[in-house]
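S.K.: This is the structure, below, for whatever I ask next.
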Amino acid sequence: MTMIVDSHCHLNYGSLAEDMDGVLSRASENGVGAMLAINARLSEYEDVLKIAEAHDHIWATVGSHPHDAEDEWGIKPEDLIEKAQHKKVVGIGETGLDYYYEHSPRDKQKENFIAHIDASRETGLPLIVHAREADDDCAEIMEAEMKKGEYPAVIHCFTASEEFARRSLDIGCYISLSGIVTFKSASVLQEAIKIIPMEKMLIETDAPFLAPVPMRGKPNEPSFVKHTAEFLANHFDVSYAELAKTTTDNFFELFSKTERPK
């Protein structure tokens, strides 16, 4: 079976945490050979880490979502760097800017975002970027920070404009696509992603959110990444095997602290 990777999921949330054995079994049955468990609140870091520690094919990140910038404001790069020393922590984030919900003040979102960039630059671990309705500010911060010193990054759950995709690619970012691209309402996004080179593409579920067609309305889970991969293979006119192999290779190249399962 062709191996595929879910590069972004929240395994400590809701239905996934409650049915971990079932979730992992279904993922395996569908060829999902590796997963990245994302830390969205520093207060949940230990919960995410325990999941990664218990499974050879799961890794973790450390970070704080922009929604929580007010509650977890004042993050220091050194705090992230210290936690990132753990052998199972392979990325910094998710972090970034979200102006859609405005759950936290923009200035605090920006300060936390830059702290995460500093930690990514210092550790060499990829930055996992959440950007929603904040394209210009996000791109400007990332471009300015890249001039201070390079750092690896991925734009997760990409839903933005072709311009933002181009600016992200220009500074070396990878771009990760979620089940949103399968939605009937996503025609603009489907057109925008055509500029993404296959060698810069990852795929993800963002589980338990955003289940792809034909699983809309159900809690998302890592096994569903196969549906997104099938859609993208058709969209880019390549075989499923080629898309799966390329995005899997990209994952292990970007998240170089991981080890490909044998």
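S.K.: Go through the stretch 170-192 and give me each residue that's surrounded by fewer than 21 Cβ atoms within 10 Å (Cβ to Cβ), closer than 19 Å to Ile128 by Cα and not acidic (Asp, Glu).
M.R.: Once the filter is applied, which keeps residues that are surrounded by fewer than 21 Cβ atoms within 10 Å (Cβ to Cβ), closer than 19 Å to Ile128 by Cα and not acidic (Asp, Glu), the stretch 170-192 yields Ile171, Gly172, Ile180.
S.K.: So is Glu94 out of contact with any helix residue (DSSP H, G or I) (no Cβ under 6 Å at 6 or more places or on another chain), assigned to a strand (DSSP E or B) and modelled with pLDDT of 95 or more or not?
M.R.: yes
S.K.: Additional query: Of all residues in the stretch 73-85, which are assigned to a loop (DSSP other than H, G, I, E, B) and within 19 Å of the chain's Cα centre (by Cα)?
M.R.: Scanning the stretch 73-85 gives a single hit, Ala84.
S.K.: Tally time: how many residues in the stretch 166-224 are in contact with a Pro (Cβ under 7 Å, 6 or more places away or on another chain) and closer than 19 Å to Leu243 by Cα?
M.R.: Total satisfying the criteria: 4.
The values are calculated or read from the model by the stated rules, or taken from the named source; none is laboratory data. Here the structure is a predicted model, which means the values were calculated and not measured. Using ideal geometry, Cβ is built from the backbone for each residue, glycine included, and neighbour counts are taken over all protein chains shown.
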